[in-house]
Every structure is written in C-alpha cells, then in structure tokens.
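Colleague: The structure's right below; bear with me while I get my questions together.
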Amino acid sequence: MSVADVDVVVIGAGIAGLAAALELQDHFGEVIVVDASDRPGGVMRTDYLSGYVFERGPNTFQVKAPMLSFLESRGIDNVLQRATPESRSRYLLRDGKLVRVPTSPFGIVTTRLISGGAKWRLFAEPLKTRQDATGESVSEFSARRFGEEVAEHLVGPFLTGVYAGDETQLGVEAVFPQLVAAERDHGSVTRGLLADAVKRRGPRTKAGSYSARAANTSSDGLGPFARMLAERLVHPPALETDVESIHNDGPCWCVSMRGRAGSVRIRAPRVVVATPSCAAANILRGVSSELASGLEAIAYTPVVSVAIGVDREKVRTPIDGFGFLVPRSEKLGLLGCLYMSRLFPGRAPEGFELLQCLLGGARWPEAIEHPDDVLLEQIRADLDATLGLDDTPKVLGICRWPRAVPQPDREHVRRVAGLRQACQPFPGIALAGSYLDGVGLADSLASGLTAARSLLP
Ligand SMILES: Cc1cc2nc3c(=O)[nH]c(=O)nc-3n(C[C@H](O)[C@H](O)[C@H](O)COP(=O)(O)OP(=O)(O)OC[C@H]3O[C@@H](n4cnc5c(N)ncnc54)[C@H](O)[C@@H]3O)c2cc1C
C-alpha cells in the first residue's frame, strides 16, 4: 500500500474540521481533509423541495467572537444572514398555552410563565449566600439561585432547545460557565452579570440568531455555507473516506483510511481529529486507550428533526416569532418548533410557513426508533394542541440523528481537561468538535480554530 506524506491531515469536514483546515492552510503547504460522508459540512445539510428551503441538522446559530474574527479575516462575514427582527419573540408552552418569553425586568414582573412567589425568589437572587457550584447540575444550580419554578419553567425549556437534554443531568459548569463565574466572583449571578454589563466585559459578538447566504451560490442555508468553506481549501476534501486508525510512525502519524479507491495511508506530523467523540475514540484507540475511553464516556442524545410546510390560513394561532419550546411538565412529544419561514425570508412558498419540529432528546430517546407515521401523528396532535392546525401538513423531510448533541454532564469540564491532558504525550495530535467546549455551531468552529492553533510552530 502506498503512503503519501503531507503536512497536516484533518479528519472530519464538519464545521470544526473545515475551520481547522482553513486556519492550518495559512501556515502549511499540504493540508488534506478527509471525511466519511459524501459531502462536506457534517451535520450542516440543507434541502430544497417544492419551494421550501429547509435544514436537516442545525437551523440557526449564534455568532461568537472566534467565529466572527474567522469570517472577517477571510472577508466572508457577508455570508451571515441575520434572522428578521419580527422573529425575536420566543414562546414557551405553559398549561397548554403559548406564552411569550419575557426579555426585560418589566416583562418578568408581568409574565404568567411563573407565579408571583417565583418572581420574588428570582429578584431576591442577590440576597442568597454564595456556594460552590462544582459538580452541580443545571437544575440544582438554577433552583438554588433562582427557585424551583424558574428552574423548571424557564431554564429547563431553554436547555431542551439547545441540548435536547435533561437539566437534572447537564452540568452547570459546562453549560453556564458565566453564571458560575458570576456567583463565584460576585457572590450573586445578578450582581456578576450586571458588573460585566457595566464594564462591557466579554468578547465581541453579533447579537441575534443567524443563518448563512453563501455569496458564491444563490442558495441559502448551512449546507451551501459549508460548501463555500470547503471550496476555499486548496485541496478539496477527500469524501467517502473512512479513517480507521492512527498509529505512530517515527516523527509522524500514519493515518489509515478506506476510500473509493480502497485502503490508503497518509503520513503527517500533525493530525486534527474533528469527528464526533465516538468516532474519535475508535480512530485514536491505537494511540492511547486512556484517550479512547475518555472520548467514549461522552454521552449524546438522539434527535428527530422534521420539516413540514403548512398553509398559513389553516393555522388558527398566528405564526409569528422564533418558535416555541415545550417544558417537560407539559407532556407533549414535541420538544419544540421553529418558525423557520418567519426567521429567514424565502424559506417557504407564498402563503405557506416552514416549521421545523424537534422530537426525541433525553426526554423521549425512543422517538428515533418509531416509524415515520407514528412521529407524524404525534407532531400533528401536538401542533393542533398548541397552534391549532386545520390541515395535514406537507412533510418535507424527516431526519433521524442517533447521536445529535453531546450532553455535558456534571463531570464534563474535568473530563475535557482529562482528554486534553491525555493528548499531551502525543504531540501533533489535536481534538476538535462539539463535545469539547460547547455544543453549538459557533463553539464547534472555535474548537477547530483552537485545535489548529495548538499545532502551529
Ligand atoms: C439535529 C441537530 C440540530 C442542531 N441544531 C443546532 C442549532 O440550531 N444551532 C447550533 O448552533 N447548533 C446546532 N446543532 C449542533 C451543531 O450542528 C454541531 O455542534 C456542529 O455542527 C458540529 O460540528 P462538528 O464539525 O464538530 O461535527 P460534525 O458536523 O458531526 O462533523 C463531523 C464529521 O466527521 C466525519 N467523520 C466521522 N467519523 C469519521 C471517520 N471515521 N473518518 C472520516 N470522517 C469521519 C463525519 O462524516 C462528519 O462530516 C445541531 C445538531 C444537530 C445534529
């Protein structure tokens, strides 16, 4: 079997791998990206059907500082497409009714999402004594600081939206590091956040939710965005190429893979492993069993993402805003529903709306095993109960993600530190991906940049 020599191999062409490769390409000649899939972008996939533009994986993202400077430094920040101002309103289900989420202290005073007593406990947060949040779950931390009702009805649904997770298991140090730091440094979350706001501390970001409109294509969405990034690579990604293992070969790493042309080996002094953690564990088992078992310990939740089109006239509740999330106590199958055609223009034909329904998660992991008709019946029933649906929706796509979102648990921060330590004896190998420092698209991109920079001379 022939062995090619290159400067860097990046395994995985999701957002983390693409960002790592583009960063490394500025410093090294031969940067090769390999991916098991038939297209770049990982979970970023956009589809087009009957005048609808819909996402199969992530729908929107927050623009954080590393992402913003990465795009600006390459002159491609113009691809960012901000969600419409009208989509700012978000809703939570409370006792079967959609209630607008408050965004100001006055809104909190008047909201019916929580009781009067819960509002007092929330505003009394600065009076609570400081405690150590090490090892606490998000629900323990938020109940302790803000009260049980806020934890259940405001914080819990938010975590459903981002992690499809269980707030009693997610670790607060990983999920809300800024709140933990505020309590630690100021004795109160409210005081800490206010102090940061006054000092205007914190990295430069762009407010709001975003998608992308790739400048070199006429297509909206995250699939074209990924393609646009991949097209900036000097060497196009080697697709349908499954990396099997890495082993040490003198001063280099030898990456064994199986692709369209059979088995191939590529030798490089630097390797970025930008796959989900379970794949990284298999790839790196021959390098370090300790590293592999640390990677295997990271749990993921399954998600089913269903895109449907509805006739606007046949929905009894006006579809305005971002969408809604469903707290656990409401006992629906739906985790939430995004009004994608309200966020970004041109996502649905005139007179119709594009809704992205999410099911599964830690709340209903078995959803992924159910046949399409069972899931669609659940969606119909839940949308009828929440929005009032007088029609059969047009089903655009049903996408099952068995390992959709990593679940940072109470030990996550220490587990990730352990992974980085376990990598240290193997210079030239760097990890990237959403299981490290944040599960969002922007966090994954940042993890790719961090991995790339750790390999620079
Ligand atoms: C359904 C869903 C909805 C989401 N919604 C949002 C959202 O709205 N907003 C948000 O910010 N984030 C969202 N996320 C999370 C976000 O999409 C991810 O954090 C991010 O895209 C992960 O990027 P990545 O590059 O780390 O991994 P991935 O995108 O998973 O890419 C990893 C790549 O590695 C490749 N690979 C795996 N094994 C091998 C192997 N052995 N050899 C070669 N290649 C391999 C895969 O083919 C894949 O292309 C969502 C995720 C899912 C699944």
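Nothing in this text is a laboratory measurement; each read-out follows from the coordinates by a stated rule. Predicted model only: the values in this text are computed from it and were never measured. Neighbour counts are summed over all protein chains in view; Cβ atoms, including those assigned to glycine, are modelled from backbone coordinates with ideal geometry.
Colleague: What FRET efficiency, computed as 1/(1 + (r/R0)^6) with R0 = 45 Å and r the Cβ-Cβ distance, is obtained for LEU456 and THR84, rounded to the nearest 0.05?
Modeller: The value I calculate is 0.70.
Colleague: Using just the Cα positions, wrap the range 222-286 in a convex hull and report its mean projected area in square nanometres, one decimal place.
Modeller: 5.3
Colleague: In Å, the Kirkwood hydrodynamic radius of the range 294-451 over pairs of distinct alpha carbons?
Modeller: 17.7 Å is the Kirkwood radius here.
Colleague: So how many Lys-Lys pairs in the chain land under 26 Å Cα to Cα, not counting same-chain pairs under 8 apart?
Modeller: The number of close lysine pairs in the chain is 12.
Colleague: Give me the percent of DSSP beta bridges within the chain that run antiparallel, rounded to the nearest 5.
Modeller: Percent antiparallel among DSSP bridges in the chain is about 75.
Colleague: In nanometres, what is the gap between the two model label sites at GLU377 and VAL109, each 7 Å from Cα along Cα-to-Cβ?
Modeller: Computed distance between label sites GLU377 and VAL109 equals 4.9 nm.
Colleague: Using 0.36 nm times the number of residues separating ARG260 and LEU194, minus their current alpha carbon distance, what extension gain do you get?
Modeller: Working it through step by step, the gained length comes to 18.2 nm.
Colleague: Can you tell me how the range 248-346 classifies by the Cα gyration tensor, rounded, prolate or oblate, using a/c under 1.5 as the rounded cut?
Modeller: Since a/c reaches 1.5 and a/b is larger than b/c, the shape of the range 248-346 is classed as prolate.
Colleague: For THR392 and LYS206, what does the FRET efficiency come to when R0 = 35 Å and r is the distance between their Cβ atoms, rounded to the nearest 0.05?
Modeller: Rounded to the nearest 0.05, the efficiency is 0.35.
Colleague: Let me ask something additional. With each run of n ≥ 4 DSSP H residues scored as -39500 (n - 2.57), what mean residue ellipticity at 222 nm is computed for the chain after dividing by its residue count and rounding to the nearest 500 deg cm²/dmol?
Modeller: -9000 deg cm²/dmol
Colleague: Can you compute the FRET efficiency between ALA124 and ASP320 using 1/(1 + (r/R0)^6), with r the Cβ-Cβ distance and R0 = 41 Å? Round to the nearest 0.05.
Modeller: Computed FRET efficiency for ALA124 and ASP320 comes out at 0.75.
Colleague: Additional query: Which of the GluC sites (Glu not before Pro) found in the range 312-416 are loop residues per DSSP with 11 or fewer other Cβ atoms within 10 Å of their Cβ?
Modeller: Hits after loop and neighbour filter: GLU350.
Colleague: Counting alpha carbon pairs within less than 8 Å and at least 6 residues apart, what relative contact order, in whole percent, applies to the chain?
Modeller: Contact order relative to length: 26 percent.
Colleague: Next up: Sort largest first and round to whole Å: the equivalent ellipsoid semi-axes of the chain, each the square root of five times a Cα gyration tensor eigenvalue.
Modeller: After scaling each eigenvalue by five and taking roots: 37, 28, 20 Å.
Colleague: For the range 26-121, which GluC sites (Glu not before Pro) pass both filters: DSSP loop (anything but H, G, I, E, B) and at most 16 other C-beta atoms within 10 Å?
Modeller: Sparse-neighbourhood loop GluC sites (Glu not before Pro): GLU30.
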